[in-house]
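A short worksheet on the structure shown next.
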Amino acid sequence: MRTKQFKAESKRLLDLMINSIYTHKEIFLRELISNASDAIDKLYYRSLSEGLTGVGRDDFFIRLDIDKDARTLTLTDNGCGMTKDDLENNLGTIANSGSLKFKQENEGKEEIDIIGQFGVGFYSAFMVSDCVTVESRAFGSDEAWCWKSKGAEGYTIQPSDMEEHGTRILLSIKKSTDDEDYDQFLETYRLRSIIKKFSDYIRYPIKMDVEKSVPKEGEEGKFETVTQTETINSMVPLWRRNKNELTDEDYNNFYKEKFFDYEDPARVIHSSTEGVATYQALMFIPSRPPFNYYTREYEKGLQLYASGVLIMEKCADLLPDYFSFVRGLVDSQDLSLNISREMLQHDHQLKTIATRLEKKIKSELLSMLENERDKYEKFFNSFGMQLKYGMYSDYGQHKELLEDLLLFYSSTEKKPVTLKEYVERMKEEQKFIYYACGDNVDKIDKLPQTEAVRDKGFEILYCTEDIDEFALRVLHESGGKEFKSVSAADLGIDVLENEQEDKEENKELFTAMTEALEGKVKTVRLSKRLKTHPVCLSSEGELSLEMEKVLNAMPTDNKVKAELVLEINQNHPIFASLLALKDNPEKLKDYSRLLYTQALLIEGMPIEDPVEFSNKICDLMASAD
């Protein structure tokens, strides 16, 4: 029997197919099952278009058989089968796809959903096999043929005694080495897990013999091991079923099983789109973040299926970073895949799907915000920080998209509110949206800087996370109203007529205090915001004290400094004491430093020398009358 050479340019091409195209050896089973599914599809289509008798959809199957002693894995299907010429053309010629040719010949017709395109998937079998034997009999033919190859050396074709139409592929599994475990592909549990991962939604049953322990008949408490034929795959994907056929329990069980969560999702997004981008999507918004969500180890992305076959476990391109918490999958027939079907070619189709998913996710979040406020607030507690980072990232180009989804705690409502709700409640004379920064609500409540704004009856938004002020700064305004920190130099609030202005006679005092602080503040002045507190810090310029704190906490050598102003309350007794120290520069210097350190402590900022601060307090107490 003469060995024929492959019709490709060189043996090196087959070696490339076997060793370079696929990154994971388990992929071979996905490829062979997909080919079997295509073969059945072709016969089923012929039965519909040509009116073939004796062919029913329920009769089709794909079967796997393991022989550990012989080290063989056999995959059988009862699809259209192949003639001798088909074996020559499809298996003897690398990168010649019979499925693609069939798809092109029937383009535009219904019931055609062929997976294979490149004609190389079959050769992935050589990644795990020393020898591949293919027996096939075309439907309606009296002849069967056997194609056999050990790889790049070539192949043989001879008659076969196969009695039924279809194809049987026998793989002689390689022996395991120290570097590679091939024995796993002779284990039922391993093959089952690969099928569930990649081919669970192939539309025809994938059958295997599975050993099970069952009660022994007539002997209570005893069990025996029996072999049963099981269908491994689910066949009909949940996302391809009509929504009105599915219950909340169906969705919740699918989510928890598929994504290993023990809680039901907060929201289910099930959509199907046809037209420019044809796809089906099933997405879930989790009730809580995964344990590693806010770490570098977390990987975003949706599972990507092509006609029910898993292509990518996590396709990051389908989700923007600010919606990275979404879990789920997309199934499409229209994506351009690379030759191994393990990666996507970057094309407009993928971008179109991603854009539509983004709009759909936002729409569902807005619906939750408007109709299920308590549930949305719980969601926002878990994932709101990610939305705020999305506002700030990419130079704020996503701010309009995300603005409506933000929540901030309100000083007047005592609960989280949206920016739109804040603007709708603004007083007629109010010029700005005011916000205050701090570690938590209680600390912000006590900030001296909020006194003047509260006195006017203006609402204040509380920024309790590091990213908050950066997000508001990049947004700049909402509903036509600019944002203003309560620590800003100019609050935009009219000064009361009886409020004492910073007169020329205080200039000498404040100059001396500024010099005593040795560059720690830009200037010292009377406050227009303080009512009861003696002192506070405000900032001039774009960089606030809170932003300085956040930026300097980052692991970088480039430290920043805000332009700080030490503000003194003229109505507090401490101001009279300062006026009395004009002729005592040393004591004025001590008082200035004490007041500055006190202002830092109020802001939750670290002080440079706690020992010096403590000693000065003690000295002051000891010298008191």
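The values are calculated or read from the model by the stated rules, or taken from the named source; none is laboratory data. Owing to the predicted nature of the structure, the values given are computational and were not obtained by experimental measurement. Here Cβ is always computed from backbone atoms with ideal geometry, including for glycine, and neighbour counts include all displayed protein chains. Only protein heavy atoms, including side chains, enter the accessible area calculation; ligands, DNA and RNA are left aside. Shrake-Rupley method; radii C 1.70, N 1.55, O 1.52, S 1.80 Å.
Please tell me if L600 is at pLDDT 85 or above and more than 44 Å from the chain's Cα centre (by Cα).
Criteria not met by L600.
Anything in region 244-277 that is in contact with a strand residue (DSSP E or B) (Cβ under 7 Å, 6 or more places away or on another chain) and within 22 Å of F379 (Cβ to Cβ)? List them, or say none.
Hits for region 244-277 are Y251, Y255, F259, P265, A266, R267, V268, I269, H270, S271.
Does V495 qualify as being in a loop (DSSP other than H, G, I, E, B), modelled with pLDDT under 85 and open to solvent by 10 Å² or more (accessible area, probe 1.4 Å)?
Yes, satisfied.
Filter region 424-440 down to the residues that are open to solvent by 40 Å² or more (accessible area, probe 1.4 Å) and either touching an Asp or Glu at 6+ places or on another chain (Cβ under 6 Å) or not polar (S, T, N, Q) (or both) and list them by number.
Of everything in region 424-440, those that are open to solvent by 40 Å² or more (accessible area, probe 1.4 Å) and either touching an Asp or Glu at 6+ places or on another chain (Cβ under 6 Å) or not polar (S, T, N, Q) (or both) turn out to be E424, R425, K427, E428, E429, K431, D439.
Would you mind telling me which numbered condition in (1) open to solvent by 40 Å² or more (accessible area, probe 1.4 Å); (2) part of a helix (DSSP H, G or I); (3) within 19 Å of F61 (Cα to Cα) Q184 fails?
Among (1) open to solvent by 40 Å² or more (accessible area, probe 1.4 Å); (2) part of a helix (DSSP H, G or I); (3) within 19 Å of F61 (Cα to Cα), Q184 violates only (3).
Listed here are the residues, each with its yes/no results for (1) open to solvent by 70 Å² or more (accessible area, probe 1.4 Å); (2) farther than 25 Å from D490 by Cβ; (3) in contact with a Leu (Cβ under 6 Å, 6 or more places away or on another chain).
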{"site": "L401", "(1), (2), (3)": "no, yes, no"}
{"site": "L405", "(1), (2), (3)": "no, yes, yes"}
{"site": "Y422", "(1), (2), (3)": "no, no, no"}
{"site": "K443", "(1), (2), (3)": "yes, no, no"}
{"site": "L447", "(1), (2), (3)": "no, no, no"}
{"site": "R454", "(1), (2), (3)": "yes, no, no"}
{"site": "Y462", "(1), (2), (3)": "no, no, no"}
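For L601, all conditions in the list (1) under 23 Å from E505 (Cα atoms); (2) without any contact (Cβ under 8 Å) to a residue 24 or more places away in the chain; (3) hydrophobic (A, V, I, L, M, F, W, C) hold save one; what is the number of the exception?
(1)
Residues of region 276-286 being closer than 16 Å to D331 by Cβ, assigned to a loop (DSSP other than H, G, I, E, B) and either open to solvent by 10 Å² or more (accessible area, probe 1.4 Å) or among the charged types (D, E, K, R) (or both), which ones?
The one that is closer than 16 Å to D331 by Cβ, assigned to a loop (DSSP other than H, G, I, E, B) and either open to solvent by 10 Å² or more (accessible area, probe 1.4 Å) or among the charged types (D, E, K, R) (or both): T278.
Mind checking which residues of region 525-564 are among the β-branched types (V, I, T) and farther than 21 Å from T450 by Cβ?
T556, V560, listed by residue number.
Suppose we filter E459, E505, E451 for residues that are among the acidic types (D, E), over 27 Å from Y395 (Cβ atoms) and modelled with pLDDT of 95 or more; which single one remains?
Exactly one residue qualifies, and that residue is E459.
Inside region 61-92, can you point out the residues that are within 41 Å of the chain's Cα centre (by Cα) and modelled with pLDDT under 90?
N90, L91
For region 217-240, give me each residue that is in a loop (DSSP other than H, G, I, E, B), surrounded by fewer than 13 Cβ atoms within 10 Å (Cβ to Cβ) and not β-branched (V, I, T).
Once the filter is applied, which keeps residues that are in a loop (DSSP other than H, G, I, E, B), surrounded by fewer than 13 Cβ atoms within 10 Å (Cβ to Cβ) and not β-branched (V, I, T), region 217-240 yields E217, G218, E219, E220, G221, K222.
Here's the yes/no breakdown for (1) open to solvent by 20 Å² or more (accessible area, probe 1.4 Å); (2) closer than 24 Å to C437 by Cα:
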residue: L526; (1), (2): no, yes
residue: K531; (1), (2): yes, yes
residue: G541; (1), (2): yes, yes
residue: L545; (1), (2): no, yes
residue: T556; (1), (2): yes, yes
residue: K559; (1), (2): yes, yes
residue: I568; (1), (2): no, yes
residue: N571; (1), (2): yes, no
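Of all residues being part of a loop (DSSP other than H, G, I, E, B) and free of Cβ contacts under 8 Å to residues at least 60 places away in the same chain in region 154-173, which is least open to solvent (accessible area, probe 1.4 Å)? Just the residue, please.
Here the answer is M162.
Identify, please: which residue in region 5-42 is β-branched (V, I, T) and open to solvent by 10 Å² or more (accessible area, probe 1.4 Å) and is, among those, modelled with the highest pLDDT?
T23
Considering each residue of region 290-307, count those that are over 18 Å from K256 (Cβ atoms), part of a loop (DSSP other than H, G, I, E, B) and out of contact with any helix residue (DSSP H, G or I) (no Cβ under 6 Å at 6 or more places or on another chain), and give that number.
8
Quick check on region 143-153: of everything there that is surrounded by 16 or more Cβ atoms within 10 Å (Cβ to Cβ) and in contact with a Ser or Thr (Cβ under 8 Å, 6 or more places away or on another chain), which residue is modelled with the lowest pLDDT?
Only one residue tops the list, namely S149.
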